[in-house]
1. Could you tell me the accessible area of MET387 in Å² (1.4 Å probe, neighbours in place), rounded to the nearest ten?
2. Solvent-accessible area per residue for segment 333-405 at a 1.4 Å probe radius, Å²?
3. Please give me the summed charge of the neighbours of SER292: other residues whose Cβ is under 13 Å from its Cβ, Lys and Arg +1, Asp and Glu -1.
4. Between SER333 and VAL418, what length comes free when the chain is fully extended (0.36 nm per residue of separation minus the Cα-Cα distance, one decimal in nm)?
5. In what sequence, largest accessible area first, do ARG305, ARG202 appear using a 1.4 Å probe?
6. Of all accessible surface on the chain at a 1.4 Å probe, what whole percent is carbon and sulfur?
7. Counting Lys and Arg as +1 and Asp and Glu as -1, each charge on the Cβ, what is the dipole of the chain about the Cα centre in debye, to the nearest 20?
8. In segment 129-273, what is the count of Lys pairs whose alpha carbons are under 20 Å apart, counting only pairs at least 8 residues apart or on separate chains?
Amino acid sequence: MSFNPFLFVGAFLLLLPNLPAQDSLSYQSLIENARIYHPLSRQIQLLEQTAEAELRKARGGLDPKLMAQWDQKQFKSKEYYDIFESYLQLPTIWGINVQAGYRLAEGYYLNPADQLPAAGQAFLGVEVPILNGLIQNERRNAIRQAKLLQSQNQADQLAQINQLLYDISADYWGWSYKQACLAVYEENREIQATQLSQLRDRFLQGDIAAIDTLKGFIQWQDAGLKQLEARLASEQAALKVERHLWGEELEEKSLPLGSLAQSILALPLTPLDSADLETLLDRLEQQPELQSYAFQQQGLELEERLKANKLLPKIKLKYNFLAGESLQFGQGSPLEYYKLGVQLEHPILMRSARGDLALNRLKQQKLDFKFRFKQRDLQTKLKSYFMALQQAVVQAQLADELVDNYRKLVVAEREKFVLGESDIFMVNTRQQQYVEAQLKALKLRYNYIKSRIAWQWATNW
């Protein structure tokens, strides 16, 4: 699975115009900073190292082992026995152990079975599980599980970085939206200030009553209050963006005073093609979260084979080819110089093994239920985001036309007021309608961007 976080932002980067570097933070630069320095991005990248470490740990089950044991007994100044054994064991992935070692034993009261040549005895041995553990065993299962974890972590890595980019994108364009709303309120405040000044001049000339200047003053005050509220919302949105700015040494970075985001008005309203939805639905199984579930299911299936194998009797065959008097193996055939043993172990009721197997199968069922719901949930989200995006384009275009019409209406109402054919109440009403239309248009455009972000999040695989 390829891991490319910029697939998420590619659509935006192709659509956005260049912004002046001064006092601005571009979407691309924020994403680039977060991709490299963000703590969560660095944490997500650790998944790959974690999988490599798990595989290294699993392969450690095949590491050769050098072992030694020494037993001695002294009682009443008599040496009963002195036994030393050392050997090298080579585990294999099939559960078979190969051994090569040396034993030395001496003493007055040595067990006859432990009697060895005076120089000791070398041996070559093999330990073979007959049923339980021959093919399905802990070593092989651990390595296969670790390899699956690598694939699963790649899927999880893509899903998590995708979610991080979604959160960053939502914060950035939320900041851009709040800045655009602030610009509307600032323009309205300037218009109300100009209008108040004109009303005072006309009052002094005797053209209007004093009450009209009070109405203008109230409108100016109200515009100022809304401007302050919008500035606070913009600054709070900037703080959300600022938390995603980090340095190479994990030092917290701050937005320069007066920083601007790219304008949401610069994004073209681009609908999707219906074929895009059908294509994504057809290859939904490639979605990272669903792939992660698939790898988990494969891991549980491996565990099931291992646990089913544990229901078999544990029979272990041990054979050692013994060296002769001079520690050489050529003095006798493997059928003459040997030590043979068989070990059998099998619980009568097998409750523990059967319980483990039942629990594993229940886990598989639970995971299958989660997978099926997740698959249906993603299908629903894709269709929902597609419809929301298509609808948002139409709504935003209509809202832009509505803003233009309200602007013309405000201009006409002001001309009528100058000619004495209207009053300040109607002028203020038209101006308020114009402001509300602008804010609604911005909201609908922001809804379009949120739908676009959600679509990118749901389709980035």
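1. 130 Å²
2. Accessible area per residue: 74 Å².
3. -1
4. 18.4 nm
5. ARG305, ARG202
6. Of all accessible area on the chain, carbon and sulfur atoms account for 55 percent.
7. 1640 debye
8. 4
The values are calculated or read from the model by the stated rules, or taken from the named source; none is laboratory data. None of these values were measured; they are calculated from a predicted model. Note that we place each Cβ from the backbone using ideal geometry, even for glycine, and neighbour counts take in every protein chain shown. Heavy atoms of the whole protein, side chains included, go into the accessibility calculation; ligands, DNA and RNA do not. Shrake-Rupley method; radii C 1.70, N 1.55, O 1.52, S 1.80 Å.
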